[in-house]
Each structure stands twice: as C-alpha cells, then as structure tokens.
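Here the structure is laid out as structure tokens; the discussion comes afterwards.
The values are calculated or read from the model by the stated rules, or taken from the named source; none is laboratory data. These figures come from a predicted structure and were not determined experimentally. Neighbour counts are summed over all protein chains in view; Cβ atoms, including those assigned to glycine, are modelled from backbone coordinates with ideal geometry. The accessibility values were calculated without ligands, DNA or RNA, using every heavy atom of the protein model including side chains. Shrake-Rupley method; radii C 1.70, N 1.55, O 1.52, S 1.80 Å.
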Amino acid sequence: MMRGAPDPYAAVPGELRELFGPELAPVLRRLGERPRGAADGPSARLGEEDAGTREAVWATLAELGALGPHTEAERTALAELMGAALYQSPYADTVTAAALLAATGDPAHGPLLDAAARGAAPLALAVREDGLSGPARPGALTVRREAGGYAVDGRRPFTAFAADCGHLVVVGTGAGGETVLALVAREQPGVRLTRRDDIGRGDLYAVELDRAAVSGAVHPVDALWPGVLAAARVRHAAALAGAARGAVDLTAERLRSRHAFGGPLARQQAPAHRLAALAAEAATVAAFARAQAAAADRGRDVRRGGAQALYLAGELARRAAAESVHLHGAHGMTEAGDAQLFLRRAAVDSQWLGTGTELLREAAPSAPVPNPR
C-alpha cells in the first residue's frame, strides 16, 4: 500500500486481519481439502486435526462479530482478506442466505438469524439446478401445500458445505415462473445429500429434495433476490481479487528464493513486470468492488456493477493463478506447492455466482444503436 493511501481494510478488526494474514494463510489454503475420490470413501470425512482447526476458525469469526450486522463495505473488505487466504467455509453463503431471510420480513426467521449471527447456525444456499446456468436463474422448485404446511421437490447438485449446515435456504423458480424461497431443515427424510468431487477440492454436495418439509411459509422473492445476489457478487468479486493478489504474493516469494543468472529470479524484468501488472490489476478490481459495496450501502442499485466486478475478478483470478503456476516452474504443478491450489479454486470460484457469458450479458446489456442522422 502506498504511503498516505487509505487503508482498504480499516473497517476489519485487527484480530481478523491476523487470522487471514500471511502467517496463517498456508494453513487456511489447505483447510478442509480432500483429494479426488473423497466422495466415495472414508477420506470424505475430515481428520480430527483438520476438523478442529475449521471449527476454531469459525468460532473465532463468530467471536469477533464477523457474522453479525455489518455494512457491505465492511463485508467486502473481509471477503478480500478471506480470498487472499483461499479460506473455504460456509461464511459467504451464510451471509447471503441470512440477508435474504431478513429481507422477507418474516419474524419467524428471527431466532435462526440470531443463531446465525452468533455462528451457531451456518446456512447453506441452494440455488443452481445444473452446472450450465448461474444463480440469477434459480432452478425449478415444486411447492406442495400439505396438511402440516408446505413441502418442496427439487434438485440442487452444487450446494456448498451443506453437511455443515442445519438449514438449507432454497431459492427456486415456481410453477408460475416466480422466484420463491423455502427454508428447509437438513436433517429430515425428504433431504438427501451426496458429496461430490470438484476440481477445487472443496466441500460440495448434491442435494435432492423429495417432499422436504418447509420450515414456515414459502416466500415470493422476485423483488428481493436480484439485489441480494448483486451484493453477494460484489463480495465474491472482492474475494476473487484477493485470491489474485494472494497468487501474486505467493509467486513473488517463490521467485525471491529461486536463483538464475547470478541472482534471484525476482530481479529479472520479464517475471517482475508480469507480476507487477497482475498486482496492479488486482488492486484496481478490488477497488472497483469496494466502490460497488459503498454504493450499495448508499442504497444504489449495484446489479450491473456487481456483474461487471465479478466478471473482471473471475477472469483476473484465473490469469493470476495460471501465471503463478507457470512462474513456479515444475514445482507449481505438484501437490507440494500451493500455486496449483489457486488454479484449482479459480476454476470453480470464478463461475460460482454466474458464468462468464451470463455476467457479460448482465454487465453490458444490449442497447439501441443511435441513429447517425
């Protein structure tokens, strides 16, 4: 950061900065990682040490108030720090799901929202019906009116951290084309989870809902979901910009330790200039995301800006990760190195809240061509 420049993390408590700082980042990058094939065997379960560390980090987040009420600017700054550390957890979906539940105004959600703010009730967000479309178009959801209330049918094959969460906040498209929200308790006969492999080695589940009982009412959220999604995209863009910065920092450290032509590779102009350009882009995209967050706090519509920021951040995260692997040499492609982690995560995370095509469509909608006469 340049001398005299404002601190982008000023709103983040010092303890949280330390938690996601360079000292603990190597541990957080690997936290909860499972090798390919983990969905089918005992390796799908976390080891005691890994599970204990995950719980400790989550408890620290809750203790420091990260899950409580915050401005979008504060959440975006924290998301950038988490992204730089490649921290995987239910945090992002819990924040988004809680915002949507709160926006419905249903007082019945109050106890669950209070528990979520204390870290006692992480929430899973179940939106996608397939891997081809993003959350702007939620998957189909069949809503049934039954004697005891409501039940829903549907499939959500890409739901993060579902096994860690007591409730699923299911967003779907009803029979009439309206967007609806259903709160579903995970532990019931109508909910089936199957752990999936993914290239990012995260905690991803396929969720099948078969007459799953809904907790309370089914809410129409046509007017609410686009704004909540836009804010989530801004936070996710900041996280991806942070991941790009993390990849640059990791690579710079590696080049300082590798020597060629009589000195460290970090002094060679070609790699140094490439890293400097990526660092500048990461700072620019992060600043754009922070500007959108500040606009959201002022009540502005950030749907287009959120799509723009996320498209830029996703593309940057992939390029920065690929450059990191390249400049690490053969070591960057091995399991021993962390460069490959950035590449794996970027492949998944850059598409998580919208594919590139979808984001471009929303970021630059067609406009009538002006008549030259």
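Couple of notes before you dig in:
- The condition of being within 16 Å of the chain's Cα centre (by Cα) and more than 23 Å from residue 202 (Cβ to Cβ) holds for only one of 283, 313, 289, 293, that being 293.
- Search result, residues across region 118-140 that are of a type in the set (A, V, I, L, M, F, W, C) and over 14 Å from the mean Cα position of the chain (by Cα): 120, 121, 132, 136, 140
- Residue within region 272-292 that is hydrophobic (A, V, I, L, M, F, W, C), within 17 Å of residue 199 (Cβ to Cβ), in contact with a Leu (Cβ under 9 Å, 6 or more places away or on another chain) and open to solvent by less than 50 Å² (accessible area, probe 1.4 Å) present: no
- Of note, residue 200 does not satisfy the criterion of being on the phi < 0 side of the Ramachandran plot, without any contact (Cβ under 8 Å) to a residue 60 or more places away in the chain, outside any helix (DSSP H, G or I) and not aliphatic (A, V, I, L, M).
- Criterion (modelled with pLDDT of 95 or more and of a type in the set (Ser, Thr, Tyr)) met by exactly one of 284, 357: 284
- Residues (outside any loop (DSSP other than H, G, I, E, B) and surrounded by fewer than 15 Cβ atoms within 10 Å (Cβ to Cβ)) located in region 143-162: 144, 145, 146, 149
- Among residues of region 330-356 that are under 30 Å from residue 130 (Cβ atoms) and among the acidic types (Asp, Glu), those with a Cβ under 9 angstrom from a residue that is at pLDDT 90 or above and outside any loop (DSSP other than H, G, I, E, B), sequence gap 6+ or separate chain, pair up as 349/83; 349/236; 349/239; 349/240; 349/243; 349/314; 349/317.
- Looking across region 68-117, the residues that are open to solvent by 40 Å² or more (accessible area, probe 1.4 Å), within 18 Å of residue 168 (Cα to Cα) and under 17 Å from the mean Cα position of the chain (by Cα) come down to 92, 99.
- Any hit, region 133-140, residues being in contact with a Pro (Cβ under 6 Å, 6 or more places away or on another chain), in a strand (DSSP E or B), open to solvent by 20 Å² or more (accessible area, probe 1.4 Å) and closer than 20 Å to residue 211 by Cα: no
- Within region 293-329, the set of residues being under 22 Å from residue 71 (Cα atoms) and open to solvent by less than 40 Å² (accessible area, probe 1.4 Å) comprises 293, 294, 295, 296, 302, 305, 306, 307, 309, 310, 313.
- Cβ-Cβ contacts under 8 Å between residues 6 or more apart (or on different chains), taken from a first residue in region 167-193 that is under 18 Å from residue 145 (Cα atoms) to a second residue that is polar (S, T, N, Q) and not in a strand (DSSP E or B), are listed as 181/104; 183/215; 184/215; 185/215.
- Residue 94 in contact with a strand residue (DSSP E or B) (Cβ under 6 Å, 6 or more places away or on another chain) and either farther than 16 Å from residue 62 by Cα or in a helix (DSSP H, G or I) (or both): yes
- Scanning region 171-192 for residues that are surrounded by fewer than 17 Cβ atoms within 10 Å (Cβ to Cβ) and part of a strand (DSSP E or B) yields 185, 192.
- Residue count for region 330-355, restricted to those that are under 15 Å from residue 199 (Cα atoms), open to solvent by less than 20 Å² (accessible area, probe 1.4 Å) and assigned to a helix (DSSP H, G or I): 6
- Taken together, 195, 201 contain a single residue that is over 21 Å from residue 353 (Cβ atoms), under 19 Å from the mean Cα position of the chain (by Cα) and not aliphatic (A, V, I, L, M), which is 195.
- Listed conditions (1) more than 20 Å from residue 54 (Cβ to Cβ); (2) without any contact (Cβ under 8 Å) to a residue 12 or more places away in the chain are all met by residue 115, apart from (1).
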